[in-house]
């Protein structure tokens with residue numbers, strides 16, 4: 001749940017930074033991870049029919065772990081871009097313009 005919540009938080013940060021595509025990708029990862037976990041837990045409880053989905057980062061499913069780790073790396077990069085885009089926008093503004101805005 002923490003990973004899903006964090007991906008939605010990163011999605012919101014990216015949207016606020018003006019990175020629409022990255023925001024949608026982070027939200028899609030959170031939804032994908034939540035649905036895959038929900039289906040796996042539902043199958044294990046006997047509520048849903050068997051689908052053969054792995055539990056993200058827990059079940060050994062061949063390339064499933066590698067794909068999930070790749071997506072986590074992608075989300076980490078989106079977080080980095082969202083955090084630095086605001087700082088770079090301030091750093092790229094000439095000093096004279098920043099001083100005029102403050103007055």
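The values are calculated or read from the model by the stated rules, or taken from the named source; none is laboratory data. Note that the structure is predicted; figures quoted are calculated from it, not measured. Cβ sites come from the backbone with ideal geometry, for glycine too, and all protein chains shown count toward neighbours.
So, in the range 21-40, how many residues would count as being surrounded by fewer than 18 Cβ atoms within 10 Å (Cβ to Cβ) and closer than 16 Å to residue 76 by Cα?
The total comes to 4.
Show the residue pairs that are 6+ apart or on different chains and have beta-carbon atoms under 6 Å apart, the first residue being within the range 46-71 and at negative phi and in contact (Cβ under 8 Å) with a residue 12 or more places away in the chain, the second being part of a loop (DSSP other than H, G, I, E, B) and surrounded by 14 or more Cβ atoms within 10 Å (Cβ to Cβ).
Going by the 6 Å Cβ cut-off, the qualifying pairs are 54/61; 68/56.
For the range 37-55, enumerate the residues that are outside any helix (DSSP H, G or I) and at pLDDT 85 or above.
46, 47, 48, 49, 50
Looking for something at pLDDT below 75 and surrounded by 11 or more Cβ atoms within 10 Å (Cβ to Cβ) - is there at least one such residue anywhere in the range 61-82?
Here is the first cut: in the range 61-82, the residues at pLDDT below 75 are 61-62.
Subsequent filtering for residues that are surrounded by 11 or more Cβ atoms within 10 Å (Cβ to Cβ) retains 61.
Within the range 61-82 (the criterion being at pLDDT below 75 and surrounded by 11 or more Cβ atoms within 10 Å (Cβ to Cβ)), the answer is yes, since at least one residue qualifies.
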